[in-house]
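Encoded as structure tokens, the structure appears first; notes follow it.
Every number in this text was worked out from the coordinates using simple rules, so none of it is lab data. Everything numeric here is computed off the predicted structure, so don't read it as measured data. Cβ sites come from the backbone with ideal geometry, for glycine too, and all protein chains shown count toward neighbours.
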Amino acid sequence: MELSTAWLITIAVIIGIYFTMGTVTFVVYAYDKRKSENSEYRVSELILHSLELAFGWFGALLAQHVVHHKNKKIPYQIVFWIIGSLHLVFWYFCLKRFVYLIAGQSYAYLEK
């Protein structure tokens, strides 16, 4: 089976969405960190987790290390890493299919 152009476009779009949402999430984390330092109104954790779930997890991970925000709060970290695990599962299945397409095997072979 030949690697389809549609599949390559799909992967490129997914990576683009991850990059865009990661950037948005990073900026929101930095904004929330600045607000917390000034004792001002904060971005809710529900919004931060929603951004992580909406393809912004890698941006959140980077923000936690760069701006040192939300990286010590254990209950927050538990939810954060559960969301990260969901992203890893998603990428596992995407890349598994991609590898089989590159190897010239049909996706139906995976389902046996």
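Brief remarks follow.
- Restricting E52, E45 to those that are within 17 Å of F90 (Cα to Cα) and not polar (S, T, N, Q) reduces the list to E52.
- Evaluation of V79 against (1) within 19 Å of G16 (Cα to Cα); (2) touching a His at 6+ places or on another chain (Cβ under 6 Å); (3) not charged (D, E, K, R) (one fails), failing number: (1)
- L62 vs. criteria exposed (fewer than 13 other Cβ atoms within 10 Å of the Cβ), assigned to a helix (DSSP H, G or I) and not charged (D, E, K, R): no
- Complete set of residues in the range 65-85 that are touching a helix residue (DSSP H, G or I) at 6+ places or on another chain (Cβ under 7 Å) and not in a loop (DSSP other than H, G, I, E, B): Y76, V79, F80, I83, G84
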